[in-house]
Every structure is written in structure tokens, then in C-alpha cells.
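To start, the structure itself, in C-alpha cells.
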Amino acid sequence: MTVDKIDKEKKIIKTIRIDVDKCNGCRACEVICSAFHAAPKYSSNNPARSRIRIIRDPLKDIYVPVYAGEYTVAECAGRDKYMIDGKEYDECAFCRASCPSRDEFKEPDSGLPLKCDMCEGEDEPLCVKWCHAEALIYEEREEEVDEAVEQEDLEIGLDSLVDKYGLEKLMDTVSRMLEKD
Amino acid sequence: MRYAETGFNLEIDLTRGNIEKVVTDPKDTELYLGGLGTNAKILWDRVPPEVEAFSPENLLIFGAGLLCGTPATGCNRTIVTTISPQTKLMAFSMMGGFWAPELKYAGYDKVILSGKSSDLVYLWINNDEVEIRDASHLKGKGALETAELLRKELNEPKAQVAAIGMAGENRVFYASVEQGRSSASRGGIGAVMGDKGVKAIVVRGTKDINVAEPEKYIELCNEVLEYIKFREENPIPGVMAILSRLGSPQEMAVHDEKWHTENFSWGNSRTRRKDFWTEEVAKEWEETLESARTRLISCYNCPMKCGATLSLPGLPTYMMKCFTKLTYTMGAFSNLEFGLRIAQKATEYGLDGYSAPQVMAFALELLEDGILTDKDFPDMPEDTEGRFYYLLDKIVRREGIGDILANGTHWAAEEIGNGAEEYAHNNIKKVEQLPLKLFMMNPIYYLMYCTGEKMNITQIEGQFPQAPFPKREHREKFVKDWFQVPDEKFKQYFLDWEMRGEKNVTPFYPTIEMTCEIVDWQEKMHYIDDALGMCAGLSSFHLKPPYHMHNFPKFITAGAGIEMDQDKLTQAAKRYRTLVRANNIRRGMRRKDEVPPADHWKKRFPELEKELLDTYYQYKGWNNDGIPTKESLHELGLDYVAEDFIKRGILTDGENLPGEDASSK
């Protein structure tokens, strides 16, 4: 990934505070997320397209809602185990990356990465609105950050295609498609 | 494009190992909606009355509700339909959980099993790839254990598994199909699955479910969610706890069991213990539940937390919901700790939590009264708890007396004879009921107990308060925001219902006509839920529920793209409700079978009861023997049923009008 500029500036950071103890595992967050991001909006529903997932293992009492973050080319080397309150969590349970090691945060058809956009245009992310258990709480905070230009969906998708096929092949394919039109 | 539904059923012939994806007729969806409605149609078309529960020709249908997989809150039910070994009638048990939406996302509305596999198999449905796979390594495994093993074996932690335990494998007549925190328990559906040689159905789906009018649909969903929130903050005053809040009865959350333990019967549904709930018991039971319960949990896309994960020392973790919490405890005259511990085993074995403890209590009562003897129970422990564990194992293995008890109290009593029939006293249509024994006959409940074909009172009651409120001002307050009524007249019926005095008191109020209308409304809402896949805990079971006759038609229009209004929905529900009855009538069910347990009420009113049933049959368009008439069948577009009835001599041409009217024509 290329970064266009690095600068220190103040920025409103939108986050979701996740209380794993409150999650009841219903997956309403996945439902509304996938509906909101359908095209046209709300026209279809499919949790496999959702940008939030509950990592869920009921018999071990593990319920971790995770929302999609950055796309990553390669999985990380050491995947640790965390023991919290006597429960063993895989490090991946807390990881927001769309990563080759797992199915989470990828379009089921294309395999293209998905990323949470905090439901742009809505007052708050809809997963938060639909979570009556209050496991998801929307928070804004001001922070001084290294500002990088936010990538759009399309750019993230293209990035992953470049990683997969190489830039050259991708360019060739696009030109071929243009010729056909 | 098909909306809300996928438009495909998965047909699996287990004898030949043949798998087909079959397009369904959208016309059937319009007429019978989906879920129970279309299940009933398939059963009518393909399972004639000569086919028995354990015939290869019997079908086992797992039908997802029409709106399952859409964002409608709480819409997650799988309606499982087959011929029951226990009743020999059509069984339609349901389960919540996560299975139905997953099936829809895999691209199917139903899985229809026919034939029998000679070896134990499981089905793996992964979007378009469907396989019948060997399950010999899972023989005898617990239902939850099986689900865990299969998720690991297939490396699919997100797959949803519906499985049977040993009870299903050994065809116990009240074996369930278990699915995580949910189960389809009534009618021995698990036994049919076992008979077909299917240990589990595993589903994973990653496809879209579309809705017809997206913006409208999501608005309806949001309204429902908001109303749920409102109800959570505003419980209904003046009614018992389980009715004041939405959801299945919140048994996993509440500690106060005074009402159940003192009003429901213990043992073989005989003994009321009026001063049972002492402070000491309350404290002990609270500790038990608090230490066992790790989390309150939900079904798919539902904010209610009706289930719980339970971990008891030395036992594998399992999940529970609702009233199984107390059935083993009360059946064995024991405490909550015992009830939760034995329920863990029973859940893995896959047993109906209502029937199983009652069968065990029934057996022990027969022993106590000398109808069965010690010889029937070799090496049985002395204490009741120990005896329950002993019987549980005998039943699910069908060993010794367990082989007879595995057929339920009705058939066991018949086989044991010697007066044992008197001990199978708490059944409706051969199915064990909640252990509830009351004083005064209640006309609404009388009709529901008699004519319910789901064999469970909780699956027909709801909407209308169970009893009058003492003061008129309370009643006036109650009806004020009662917008769910399909007709304003129901408000008046309730307003005029007095607790005591000369006028408008039970059992002669509500009047027979009012009673018919109330019961019909209550039943209709359950049938609509069962076609759409909606949980009764957000709908038909409740007073003032989020889903009702005014928003359901809109959900169907915007969701499934079928133009719907109240009248059309009423007619559709009536159509497949009648088809359920038609299936049962064709199997011999008649008026004689439509009776509550004889000892359900102490004070009975035979004349009034007769008039109630006469009038209700007429109201429903059934003749005096409970058979839908030719005219009413015609009106519903069910002429094919009338033809079949006439061909079989169930109806004769010209003898189609209810009761007296037939002679005057």
C-alpha cells in the first residue's frame, strides 16, 4: 500500500467500543451491515458480506464482534493465544484485518476484501443501532494522528487484485476490457 | 427474481442416495406462504394416510419460514414436518436458532428427506455442493457433541448443525432434533430422522436473500425493533411475569419460580405443592442457576435472550431455554441442581423436555401402585433422582422396560395394560402436556386444548389476556394502546370481562361466539408465524406483540413481493391451517379425539363444552365431526381435498354442511 502524505493533524476518530461480555451472539449486527451495504441499499441480506462478524464459539462462551479493518497481503507470523477469564482466544479473534488466513471480511463471490465504513451517511453505524444488548457502543474521539488518505472501497479492492495478480496483469486485463467495450 | 424465498427445495432420496435441487412453484407461495404452509401442502400431495411414520415413503421436511434470512427480527424458525410415530398424525415441531437462515443463504427453502439410508449418514449442504456422508463414527454420540465434531471435521466453524442424539437413533417416540440452543422436540421428529438413518444435517450458506421493496422493508424492521425496545422498557402491568415481557418465557433469567412450582403439578402431573416456594428454596435455586449459567444467549437476529449456556461442575457445557429448566426437577420431586444436571444428558440424547420426565414419573407411579413390579426395573437405584437417570438410559437405549416407555405414556400404558391407561392421564391426542391442573373450565382454553393440532398449549395461546383484570379502570388502561387487535370488538370483549359477580364471568363469559372469535384469532397468529418462520416469543404467544395482523401483510408485500392485505392473509392462513387438519382427518382424527386431559379442570360444564365445540366447528367451516366441509374447502381453493375426502368416504356428496343444517338443505 502506498501512502500519499504523512502529516500530524487533529482528527475525529470514529470507533466502536466492544463489550464482549454483553454480546448475546444473535448476529443482528451482521444482518443489518450486509443489508445496508447491499446494492441497492437494503435490497438483499447475506451475513457473509458483512463488515462486522461475531467470532463465536458458544460452548466455550466466546463471543467477539469484530469489524473489518485494513486489508493485508500476508498473514502474520506468530499467532498467539490469549487467556482471558479462563477462556482461550485465538489472536485472530481480535484482529480486524481482511487476511489470507481466514474467510472473514471477504466478498464470498470475488474474495475481494471488505472494510467497515461506519455506515457513512447514518447518524451512527447501524450495527450499533441494531445491537440492543449494547455490546457495541459508538464513540468518537479527537486524536492527533498521522494522516493518511483514506482508501475507498474500489482502491482497496484494486490493491488486493494487484497483490494477487501483479499490476501489469491487472492493467492488461483492464485494457482488454476497454477494447471489448 | 424470487423475493424472501430462494425458490428451490433440496430433495434427498436416502434410499437411492439421490440429491436434486428442485424449483418450486411461486403460485404455491402465494397460496400457502412458506414454512408450515408449504410443508403441509407437500405432505398432503405426497404422503397418503397409508404411509406410516417409519415407512420409507414418509417425508421429513425441514422448511425455513418464508421471511427467514431477511432482516426481520426474530424470524429464524425451521418448521420440521413429518408423520409422527407418537400421534400417527402430521407433526410440525419448530426450532429457532440459526439453521433456517443458513439454509436460505445456502440457496434452499426446504430440505425434503425421503427413503431410508441403510447406514448412518449425515448431510453436508455447502451452498451448491450437497453430499451424503458416512456418519458411522458418530453413532451414539450426543447431539451437541455431534455438532462440534462435524464443525471440526468439515473445518467450518460457521456451519449450522441440526442433529439427533441416541434417542433419535433408537427411534424413541419423543426424540428431538437438537440445534445448539434450540430444538424441534414435539411429536418424535427425531425418531423419524433416526429411522431414515440421518444423524445430522450440516448447512453453510453464503448467498443473498433478496427483498422486493428494500426501503419499505427495512422501515418495517426498524419499527419492530423500536417497539421491542419500548416493550422492554414498559412491561405490561397486571399479568404474570412471563407475559409482561417479550420473548419465550424468560426461564433462564428469572429466579422466582413460586408461580410454576406451586401452580404446576409435580411427579406424574398429580401433586400440587402449595407452600413449596420457601425462602430457603429460593436462595438455593438462585445459587444453582447463578453458578451454572455462563451467559444469556439469543437466536439469530433477535435481541431477546431466551436461552442460556449452562456449565455444571463435571459436565460438558450445554444450552437450554424455557421450561425444560423445571420439568425434570418437578417430575422427580427434586431440586433445580438435579434438573439442570439431568437435562444436560437428556439434551445430548435428544429428548423432548416435556414428555421425557413425564414418562419417567409415569413409570415410577406404576411401580409404586404395583402395576409394574421390581422385576421390570432390575438393578434400579432406590432414590428418585437415581431412578430418573436409570430410566433415562433405559429409554434412550430401548433396553428392558425402556423399550416400552420409549413409545410415550399413551402407547406404553396400552402395552402394559392392567389399568395403566389411567396413569397416562395428561395427554392430548397421545402427547404429554404441561403438568397443569386447574379448577374451573375456561371456554377459551377448552377450545384451544380440544382443537389444537400442534399438541402444545403454548403454541396456540396468546394475544388475549388469560384472565380478566379485577378492576375496570385497569382493563381500560390495558386496551388503550392495544393496537394489535385485528378488530376493535376484542377490546370491548375484554373490557366487559368481570372477575366475579353475576354477569360476564367465567365460564359463561366470553360468550360462545366471542370465544370462537378469540380462539380463531389466537390460532391464526400462530399459524402465520409458522409459515413466515417468526418466533412466537415476539409474536403470537404474547399480549401486544411487535408483529401482528396490521404489519404482517406489509412484511409479506415488501419482503416477498406478494400483494397482501389482512383479508388475503387471513384466507391464506385459514387455507393451510385447514390443510393441516385435512392431513389429520385423512389419518383418522375426529371429534372424539378433540378432548382436553380429563382431569385438566375439576369443575366441568358438559353442556356448555358441547355447545362450544359445535359452534367452533361451524365457525371454522367444519362439520359436526370436525371435518372441513366441501363448501368451506371450495371457498379456500382446496377442492382437491374435498375430492379426496369423498373418494375415501370421509365426506359423502351432499352431506357437507355442518351439523343440523345438513337436514334442512
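Only one of B:87, B:6, B:15 is over 23 Å from the mean Cα position of the chain (by Cα), in contact (Cβ under 8 Å) with a residue 40 or more places away in the chain, within 27 Å of residue B:406 (Cβ to Cβ) and assigned to a loop (DSSP other than H, G, I, E, B). Can you tell me which?
Values: B:87 fails: over 23 Å from the mean Cα position of the chain (by Cα); B:6 fails: within 27 Å of residue B:406 (Cβ to Cβ).
Step by step, each of B:87, B:6, B:15 is checked, and only B:15 is over 23 Å from the mean Cα position of the chain (by Cα), in contact (Cβ under 8 Å) with a residue 40 or more places away in the chain, within 27 Å of residue B:406 (Cβ to Cβ) and assigned to a loop (DSSP other than H, G, I, E, B).
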Q) On the given criteria, is residue A:139 surrounded by fewer than 13 Cβ atoms within 10 Å (Cβ to Cβ) and away from chain B (no Cβ under 14 Å)? A) yes
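For the range A:6-64, give me each residue that is aromatic (Phe, Trp, Tyr), farther than 27 Å from residue A:143 by Cβ and not in a loop (DSSP other than H, G, I, E, B).
First, pick out the residues of the range A:6-64 that are aromatic (Phe, Trp, Tyr): A:36, A:42, A:63.
Still in the list and also farther than 27 Å from residue A:143 by Cβ: A:42, A:63.
Answer for the range A:6-64, where residues must be aromatic (Phe, Trp, Tyr), farther than 27 Å from residue A:143 by Cβ and not in a loop (DSSP other than H, G, I, E, B): just A:63.
Name the single residue, out of those in the range B:273-328 being charged (D, E, K, R) and crowded, with 23+ Cβ neighbours inside 10 Å, that is farthest from the other protein chains (Cβ to nearest Cβ).
Just the residues of the range B:273-328 that are charged (D, E, K, R), to begin with: B:273-275, B:279-280, B:283-284, B:286-287, B:290, B:293, B:295, B:305, B:321, B:325.
Remaining after also requiring crowded, with 23+ Cβ neighbours inside 10 Å: B:321, B:325.
Values: B:321: 13, B:325: 18 Å.
Result: B:325.
Between B:533, B:559, B:537, which is more than 28 Å from residue B:633 (Cβ to Cβ) and in contact with a helix residue (DSSP H, G or I) (Cβ under 9 Å, 6 or more places away or on another chain)? Reasoning before the result, please.
Working: B:533 fails: more than 28 Å from residue B:633 (Cβ to Cβ); B:537 fails: in contact with a helix residue (DSSP H, G or I) (Cβ under 9 Å, 6 or more places away or on another chain).
Criteria check complete, one pass: B:559.
Would you confirm, using the coordinates I've provided, whether residue B:29 is of a type in the set (Ser, Thr, Tyr) and within 14 Å of residue B:192 (Cβ to Cβ)? Steps first, please.
On the way: of a type in the set (Ser, Thr, Tyr): yes; within 14 Å of residue B:192 (Cβ to Cβ): no.
It is false that residue B:29 is of a type in the set (Ser, Thr, Tyr) and within 14 Å of residue B:192 (Cβ to Cβ).
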Q. Given the conditions (1) touching a residue at least 60 places away in the same chain (Cβ under 8 Å); (2) surrounded by 15 or more Cβ atoms within 10 Å (Cβ to Cβ); (3) closer than 28 Å to residue B:647 by Cα; (4) of a type outside the set (Ser, Thr, Tyr), and given that residue B:61 satisfies all but one, which numbered condition is not satisfied?
A. (1)
Q) Within the range B:459-507, can you find the residues that are under 24 Å from residue B:231 (Cα atoms) and touching a strand residue (DSSP E or B) at 6+ places or on another chain (Cβ under 9 Å)? A) B:459
Q) If the Cβ limit is 6 Å and pairs must be 6+ apart or interchain, which residue in the range B:114-138 that is outside any loop (DSSP other than H, G, I, E, B) pairs with which residue that is among the acidic types (Asp, Glu)? A) B:114/B:13; B:124/B:131
Q: Determine which single condition residue B:264 fails, assuming it passes every other condition in (1) surrounded by fewer than 23 Cβ atoms within 10 Å (Cβ to Cβ); (2) within 14 Å of chain A (Cβ to nearest Cβ); (3) among the aromatic types (Phe, Trp, Tyr).
A: (2)
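Can you tell me which of B:189, B:228, B:209 is under 25 Å from the mean Cα position of the chain (by Cα) and within 30 Å of residue B:14 (Cα to Cα)? Lay out the reasoning, then the answer.
Working: B:228 fails: within 30 Å of residue B:14 (Cα to Cα); B:209 fails: under 25 Å from the mean Cα position of the chain (by Cα).
Going through B:189, B:228, B:209 in turn, the sole match is B:189.
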(Q) For a quick check of your reading: which helices (runs of 4 or more DSSP H) sit entirely within the range A:95-181 and have at least 3 residues that are under 30 Å from residue B:221 (Cβ atoms) and of a type in the set (A, V, I, L, M, F, W, C)? (A) A:126-130
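Condition check: closer than 30 Å to residue B:605 by Cβ, buried (at least 23 other Cβ atoms within 10 Å of the Cβ) and under 24 Å from the mean Cα position of the chain (by Cα). Does residue B:446 satisfy that? Lay out the reasoning, then the answer.
Values: closer than 30 Å to residue B:605 by Cβ: yes; buried (at least 23 other Cβ atoms within 10 Å of the Cβ): yes; under 24 Å from the mean Cα position of the chain (by Cα): yes.
Spelling it out, residue B:446 is indeed closer than 30 Å to residue B:605 by Cβ, buried (at least 23 other Cβ atoms within 10 Å of the Cβ) and under 24 Å from the mean Cα position of the chain (by Cα).
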Q) If a residue has to be out of contact with any Leu (no Cβ under 6 Å at 6 or more places or on another chain) and within 22 Å of residue B:168 (Cβ to Cβ) to count, how many in the range B:391-432 make the cut? A) 26
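Can we say residue B:147 is out of contact with any Cys (no Cβ under 7 Å at 6 or more places or on another chain) and either more than 13 Å from chain A (Cβ to nearest Cβ) or under 28 Å from residue B:51 (Cβ atoms) (or both)? So that I can check it myself, show each step before the final result.
Details: out of contact with any Cys (no Cβ under 7 Å at 6 or more places or on another chain): yes; either more than 13 Å from chain A (Cβ to nearest Cβ) or under 28 Å from residue B:51 (Cβ atoms) (or both): no.
Against the criterion (out of contact with any Cys (no Cβ under 7 Å at 6 or more places or on another chain) and either more than 13 Å from chain A (Cβ to nearest Cβ) or under 28 Å from residue B:51 (Cβ atoms) (or both)), residue B:147 does not qualify.
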Q) Is it the case that residue A:98 is within 25 Å of residue B:208 (Cα to Cα) and within 14 Å of another protein chain (Cβ to nearest Cβ)? A) no
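Results for (1) under 21 Å from residue B:179 (Cα atoms); (2) in contact with a helix residue (DSSP H, G or I) (Cβ under 7 Å, 6 or more places away or on another chain); (3) within 14 Å of chain A (Cβ to nearest Cβ); (4) of a type in the set (Phe, Trp, Tyr), shown as yes or no for each residue.
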{"residue": "B:58", "(1), (2), (3), (4)": "no, yes, no, no"}
{"residue": "B:64", "(1), (2), (3), (4)": "yes, yes, yes, no"}
{"residue": "B:67", "(1), (2), (3), (4)": "yes, yes, yes, no"}
{"residue": "B:79", "(1), (2), (3), (4)": "yes, yes, no, no"}
{"residue": "B:90", "(1), (2), (3), (4)": "no, yes, no, no"}
{"residue": "B:93", "(1), (2), (3), (4)": "yes, yes, no, no"}
{"residue": "B:101", "(1), (2), (3), (4)": "yes, no, yes, no"}
{"residue": "B:113", "(1), (2), (3), (4)": "yes, no, no, no"}
{"residue": "B:121", "(1), (2), (3), (4)": "yes, no, no, no"}
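Residues that are among the hydrophobic types (A, V, I, L, M, F, W, C), out of contact with any strand residue (DSSP E or B) (no Cβ under 8 Å at 6 or more places or on another chain) and within 14 Å of chain A (Cβ to nearest Cβ): which strands (runs of 3 or more DSSP E) entirely in the range B:163-253 hold 2 or more of them?
Working: elements: B:177-179, B:182-184, B:198-204.
Of the strands (runs of 3 or more DSSP E) lying wholly inside the range B:163-253, none has at least 2 residues that are among the hydrophobic types (A, V, I, L, M, F, W, C), out of contact with any strand residue (DSSP E or B) (no Cβ under 8 Å at 6 or more places or on another chain) and within 14 Å of chain A (Cβ to nearest Cβ).
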Q. Filtering the range B:644-665 down to residues that are at pLDDT 95 or above, outside any loop (DSSP other than H, G, I, E, B) and over 30 Å from the mean Cα position of the chain (by Cα), which residue is surrounded by the fewest Cβ atoms within 10 Å (Cβ to Cβ)?
A. B:647
Q: Can you work out which of the residues in the range A:11-69 that are of a type in the set (Phe, Trp, Tyr) and farther than 23 Å from residue B:305 by Cβ is nearest to the other protein chains (Cβ to nearest Cβ)?
A: A:42
(Q) Contact list please: Cβ distance under 9 Å, first residue in the range A:108-119 and free of Cβ contacts under 8 Å to residues at least 24 places away in the same chain and assigned by TED's automatic domain parsing to the domain that holds residue A:51, second residue part of a loop (DSSP other than H, G, I, E, B) and of a type in the set (Ser, Thr, Tyr), pairs at least six apart or on different chains. (A) A:109/B:206
Q: Could you list, in sequence order, all residues of the range B:543-593 that are of a type outside the set (A, V, I, L, M), without any contact (Cβ under 8 Å) to a residue 60 or more places away in the chain and within 22 Å of residue B:71 (Cα to Cα)?
A: B:552, B:553, B:563, B:565
Q: Scan (1) surrounded by fewer than 17 Cβ atoms within 10 Å (Cβ to Cβ); (2) hydrophobic (A, V, I, L, M, F, W, C); (3) in contact with a strand residue (DSSP E or B) (Cβ under 9 Å, 6 or more places away or on another chain) for the single condition residue B:441 breaks and write down its number.
A: (1)
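The values are calculated or read from the model by the stated rules, or taken from the named source; none is laboratory data. None of the values given here were measured: they were computed from a predicted structure. All Cβ positions, glycine included, derive from the backbone under ideal geometry; neighbour counts span all protein chains shown.
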